[in-house]
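S.K.: Dropping the structure in here first, questions after.
The values are calculated or read from the model by the stated rules, or taken from the named source; none is laboratory data. Remember, it's a predicted structure, so these values are computed and weren't measured experimentally. Cβ coordinates were reconstructed from backbone atoms using ideal geometry, including for glycine residues, and neighbour counts include every protein chain displayed.
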Amino acid sequence: MKSLLFKTSVKRLKAALTLKNLLPHYFKGAKVEFDASPEGTTMWQKQFIMQISAPKLSPVKVISTMKDLGYKCEVI
């Protein structure tokens, strides 16, 4: 299973939870986890680091899917 880390433009917990449930529909067998980064100024404005693990995983496809969903991300 391949695992990748991404810095994302996700700033709210609700959006992270929604993406955690939505992304496995785009990537078969994927497990998605988000961790809050200390870069934010307050609890409500944190940036989230996303870890996604799946048997077949392309960083380009993850980035384009996130872009289609309205978020930016880049591989760490």
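S.K.: Name the single residue, out of those in region 32-57 being at pLDDT 90 or above and among the polar types (S, T, N, Q), that is farthest from Lys20 (Cα to Cα).
M.R.: Selected residue: Ser53.
S.K.: Anything in region 17-38 that is among the hydrophobic types (A, V, I, L, M, F, W, C) and under 18 Å from Ala54 (Cβ atoms)? List them, or say none.
M.R.: Across region 17-38, the qualifying residues are Leu19, Leu22, Leu23, Phe27, Ala30, Val32, Phe34.
S.K.: If I ask for residues that are touching a strand residue (DSSP E or B) at 6+ places or on another chain (Cβ under 6 Å), in a loop (DSSP other than H, G, I, E, B) and surrounded by fewer than 18 Cβ atoms within 10 Å (Cβ to Cβ), which ones from region 1-29 would you list?
M.R.: Residues satisfying the conditions are Met1, Gly29.
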